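Engineer: I have a structure here, written as structure tokens, and I will follow up with some questions on it.
Readers should treat all values here as calculations from the given coordinates under stated rules, not as data from a laboratory. Predicted, not measured: the structure shown is a model, and the values here were computed from it. No Cβ is skipped: glycine too gets one built from the backbone with ideal geometry, and neighbour counts run over all protein chains shown.
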Amino acid sequence: MSKIKGLKCKECSKRYPAEPLHVCEFCFGPLEVEYDYDFIRQGITREQILQGPKSLWRYQALLPIEKEPTVGLHAGLTPLIHAKNLGQELGLNSLYLKNDAVNCPTLSFKDRVVAVALTRAKELGFDTVACASTGNLANSVSAHSAEARLSCYVFIPYDLESAKVLGNLIYRPNVVAVEGNYDDVNRLCSEIAGEYHWAFVNINIRPYYSEGSKTLAFETAEQLGWRAPHQVIVPIASGSLLTKIAKGFRELASLGLIPPAPVRIHGAQAAGCSPVASAFLEGRDFIKPVKPKTIAKSLAIGNPADGLYALKEVRESHGTVTTVTDEEIVEGILFLARTEGIFAETAGGVTVAVLKKLAHQKAFRSDETVVAYITGNGLKTQEAVSQAVGSPMLIEPTLSSFEKAFKKTKEDRRN
Ligand SMILES: *Cc1c(COP(=O)(O)O)cnc(C)c1O
């Protein structure tokens, strides 16, 4: 007996074996892992989860691997922070931040999906892994493949932030910078995936990879004392993360691990790449691809694979998809740093700026539990804020020089 029944088309429900497949050959719909929940229900309790490893693998029973995990053993179980200062400024008593800016080992939520994808890729017998990436995914695939001794090819747009490029090269994978945007990279990778027998984590391994994002919902519920929040804010690139967070809360409720309760889900996009937000605002049932132009490069997907599914989750939960400008993104990063001492990357700036916008629009009651997902680390996108943070006061190594500067800071404060 296995908890994995196989793969199932999200559109026409046609079934496939649990192999490296991702599209339905009849209707071209995406494939999703189908579980035997009766089987899972017999072996999962809160106590057993709490006694599990201090990583996302405490939720192994709900992840699509058949044997024990072998890659990414330290990913997940990041802090859920009660953001008292930020909450106070926004009029929210129960605002929480799920801080994947400190995820292990590559400082973004992608360590979750890659831990699952590479464990599964090894189960399926692959010796080479690959991905198309907006940056963080490539960092995580590079690091995890080094640890797992898999050969590795990562494909990125040529104009990524320098820390994200270096954050690949340091692990010695094959890094391919493509002269185009992410959508060009992804299209090329689909062709390469057809020719080479590689585990492309976000192409032929996508049904397994994407399930890793559910752990953000699982951990949030656990850390809130086994309940779902009232509202969440989730950044959207391909839309997979948002879709799977919604699924994660549903799974916990259906297994009786949390009380069933609606979670209002808000998507967050940069105005310069907002195909899901446009469809939401215009009431459309299709996504019009766009050409991204934003500093939030990790979210710059103009043709999001799971955009429609994300839109559906938002609509059914009575949430919104809200956009913010590049200027607001920078302000969001600074606001979070100033209030909570957390340095998030541009995607985090998008999330915080959307949180602020929604708070000003009175989208939340002050006593509601609101969780914002901080998905990446600011040290990787320093270009975005380097102009906005000023510079240190430069002094000579003398007491008088310091006192002169100190007096000036006091005067500046007063003005
Ligand atoms: C990839 C990524 C996202 C969004 O992921 P999708 O599942 O493609 O929507 C959000 N934040 C950061 C920092 C990311 O790297």
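Engineer: Under a plain spin-label model, where a point goes 7 Å from the Cα along Cα-to-Cβ, how far apart in nm are W226 and E368?
Structural biologist: Simple spin-label model gives 2.6 nm for this pair.
Engineer: For S140, what is the net charge nearby, where nearby means another residue's Cβ is under 10 Å from its Cβ and Lys, Arg count +1, Asp, Glu -1? Don't jump to the answer; show the numbers that get you there.
Structural biologist: Numbers: positive: K110, R112; negative: D111.
Net charge around S140: +1.
Engineer: Could you tell me how many degrees, from 0 to 90 and to the nearest 10, lie between the Cα long axis of helix 214-223 and the main elongation axis, the longest principal axis, of the Cα atoms of the chain?
Structural biologist: Helix 214-223 sits at roughly 60 degrees to that axis.
Engineer: If you average 1/r over all unlike Cα pairs in segment 120-211 and invert the result, what Kirkwood radius do you get in angstrom? Before the final figure, lay out the partial values.
Structural biologist: Values: mean 1/r = 0.0777 Å⁻¹.
One decimal place: 12.9 Å for the Kirkwood radius.
Engineer: Quick one: the Cα spread of segment 1-43 along its three principal axes, in angstroms, biggest first?
Structural biologist: 35, 18, 10
Engineer: In square nanometres, what is the average projected area of the Cα convex hull of the chain? Walk me through the numbers on the way to the answer.
Structural biologist: Numbers: hull surface 88.3 nm².
Reported value for the Cα convex hull: 22.1 nm².
Engineer: Roughly what angle does helix 326-340 make with the longest principal axis of the chain, taking Cα atoms, 0 to 90 degrees, to the nearest 10?
Structural biologist: On a 0 to 90 degree scale, this one is about 80.
Engineer: Taking a spot 7 Å from the Cα of V102 along the direction of its beta carbon, which residues of segment 32-69 have an amide N less than 16 Å from it?
Structural biologist: 54-56
Engineer: Give me the percent of DSSP beta bridges within the chain that run antiparallel, rounded to the nearest 5. Write down the numbers at each step before the final one.
Structural biologist: Working: 14 of 44 bridges.
Counting DSSP beta bridges with both partners in the chain, the antiparallel share is about 30 percent.
Engineer: If Lys and Arg each add +1 and Asp and Glu each add -1, what is the summed charge of the other residues whose beta carbon sits under 12 Å from the beta carbon of G76? Write out the running numbers ahead of the final one.
Structural biologist: Working: positive: K54, R58, K98, K110, R112, K214; negative: D100, D111, E219, E222.
Cβ neighbours under 12 Å give a net charge of +2.
Engineer: Okay, moving on. Between L242, L311, L336, find the one with the highest GNM mean-square fluctuation for the chain; connect C-alpha pairs within less than 10 Å.
Structural biologist: Its mean-square fluctuation being the largest, the pick is L336.
Engineer: Moving on to the next point. To the nearest 10 degrees, how steeply does helix 307-316 sit against the main Cα axis of the chain, on a 0 to 90 scale?
Structural biologist: Relative to the chain, helix 307-316 is tipped by roughly 80 degrees.
Engineer: Still on this structure, I have one more. If you wrap segment 1-137's Cα atoms in a convex hull and average its projection over all directions, what's the area in nm²?
Structural biologist: Numbers: hull surface 45.6 nm².
The Cα convex hull of segment 1-137, projected and averaged over all directions, gives 11.4 nm².
Engineer: Name the residue, out of P173, P262, P17, whose mean-square fluctuation peaks in a Gaussian network model built on the chain with Cα pairs under 10 Å.
Structural biologist: Among P173, P262, P17, the largest mean-square fluctuation in the Gaussian network model of the chain belongs to P17.
Engineer: Take the alpha carbon atoms of segment 209-264, find their center, do the same for segment 136-176, and report the distance between the two centers in whole angstrom.
Structural biologist: For segment 209-264 versus segment 136-176, the Cα centre distance is 28 Å.
Engineer: Just round it to a whole percent: the fraction of Cα-Cα distances in segment 85-239 exceeding 27 Å. Working shown, then result.
Structural biologist: Values: 3330 of 11935 pairs.
Looking at segment 85-239, the distances longer than 27 Å represent 28 percent of pairs.
Engineer: Separate question: Test of the criteria: in segment 346-415, which trypsin sites (Lys or Arg not before Pro) are in a DSSP loop and have at most 10 other Cβ atoms within 10 angstrom of their Cβ?
Structural biologist: Numbers: sites: K356, K357, K362, R365, K380, K404, K407, K408, K410, R413, R414; in loops: K362, R365.
Sites meeting the loop and neighbour criteria: K362.
Engineer: Right, another one. Mind giving me the nanometre distance, one decimal, between the label points for E147 and Q387, set 7 Å out from Cα along Cα→Cβ?
Structural biologist: Label-label distance for E147 and Q387, simple model: 3.7 nm.
Engineer: Can you show me the helix-derived [θ] at 222 nm for the chain, built from DSSP H runs with n ≥ 4 at -39,500 (n - 2.57) apiece and divided by the number of residues, rounded to the nearest 500.
Structural biologist: On the way: 15 runs with 160 residues, N = 415.
The per-residue figure over the chain is -11500 deg cm²/dmol.
Engineer: Name the residue, out of I301, I203, I395, whose mean-square fluctuation peaks in a Gaussian network model built on the chain with Cα pairs under 10 Å.
Structural biologist: I395
Engineer: Need the full-extension length gain, E179 to E191, defined as separation in residues times 0.36 nm minus the C-alpha distance. One decimal, nm. Don't skip to the answer; put the middle values down first.
Structural biologist: Working: separation 12, 0.36 × 12 = 4.32 nm, distance 1.61 nm.
So the extension gain works out to 2.7 nm.
Engineer: Sticking with this structure for a sec: Give me the one-decimal nm value for the distance between modelled label points at A261 and D38, 7 Å along each residue's Cα-to-Cβ direction.
Structural biologist: 3.1
Engineer: On a 26 Å Cα-Cα criterion, which of the cross-link pairs K84/K357; K214/K297; K14/K291; K356/K408; K110/K291 come out too long? Could the numbers behind the result be given before it?
Structural biologist: Details: K84/K357 18 Å; K214/K297 23 Å; K14/K291 33 Å; K356/K408 32 Å; K110/K291 23 Å.
The answer is K14/K291; K356/K408.
Engineer: Let me ask something additional. Between K288 and K408, take the C-beta separation as r, use R0 = 45 Å, and let me know the FRET efficiency to the nearest 0.05. Mind dumping the intermediate values first?
Structural biologist: On the way: r = 52 Å, r/R0 = 1.17.
After rounding, the FRET efficiency stands at 0.30.
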